[in-house]
1. Which FRET efficiency, nearest 0.05, do ARG170 and SER218 yield, Cβ-Cβ r, R0 22 Å?
2. Only Cα pairs within less than 10 Å get springs; with that Gaussian network setup on the chain, which residue of HIS49, HIS118, HIS95 has the largest fluctuation?
3. As an exercise, use a Förster radius of 35 Å and the Cβ-Cβ distance of THR106 and GLU28 to find the FRET efficiency, rounded to the nearest 0.05.
4. If the label point is 7 Å along Cα→Cβ of GLN159, which residues in region 202-216 have backbone nitrogen under 16 Å from it?
5. Just grab the label-to-label distance for LEU11 and GLU177, each label 7 Å out from Cα along the Cβ direction, in nm (one decimal).
6. For the chain, what does the helix formula give at 222 nm: sum of -39500 (n - 2.57) over DSSP H segments with n ≥ 4, over the residue count, nearest 500 deg cm²/dmol?
Amino acid sequence: MNSVFLRPPHLPLVAPSILAADFGRLAEEAADIERAGADLLHVDVMDGHFVPNLTMGPDVVLALARACHLMQDVHLMVTDPQDFVKPFIEAGAGHITFHIEAPGLTRFGAVDLIKRIHDLGATAGISLNPETPPEALGAVLNQVDLVLVMSVHPGFTGQSFMPEVLNKVRTLRNELEPRQRLSIDGGIGIRTAHDALEAGADVLVAGAAVFRASQRASTIQLLRGDYPR
Ligand code: DX5
Ligand code: ZN
């Protein structure tokens, strides 16, 4: 496995979401966030159906892979994730997270899709919307490399963090094995990052907090809990 997730001993990782970048300068934004010390590049893929917004396809991942060396963590917020796993991995994604609520999974099982992602050489994650209980994961829980808890309703950057999901983070942290990562996504800033880390999250997705910060490098350090000296 070629994954940054294997970095010991579960130091918190910061994954800036390119959705909050300036889309007119995506390549520069990706390079800048790499220089600023990001651990991963989070790529929010929306199909206008599973969520009410349309964003990026595999060609954008290809362009981002030319612009920076960060592992791209593709978050599929789409109705039919099984149709998009291969094109995104071929374009350069190192990790794919899909939603347990995705309607297409009633035809193509989540466990089979995780296996397909692994066979294609990437790591796999499963995401839960704010209302979805951890029990919805069932047998999937032990198959994935990462669980991503949504702390906003997926669709847009810049929304407010939902503190009620922190209990779910605590529950999942107790159920996951040490090799598995626990991510939180939506409304993460310095303060909410602290609460999420305390609850057991170890991959912080942050869009607006990083891309709209005047000092991106120190913001990333603060999110991770490293205080610049
Ligand atoms: C929301 C996306 C998030 C979002 C994060 O649907 O999955 O990754 O862009 O952006 P902020 O951190 O601004 O909430
Ligand atoms: Zn996301």
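Here, each number is a calculation from the coordinates, and none is a lab measurement. A quick note: this is a predicted structure, and the numbers were derived from the prediction, not measured. Here the Cβ positions follow ideal geometry from the backbone for every residue, glycine too, while neighbour counts run over all protein chains shown.
1. After rounding to 0.05, the efficiency reads 0.15.
2. Taking springs between Cα atoms under 10 Å, the residue moving most is HIS49.
3. Result of the calculation: an efficiency of 0.30.
4. 205-209
5. 2.4
6. Theoretical 222 nm ellipticity from helices: -8500 deg cm²/dmol.
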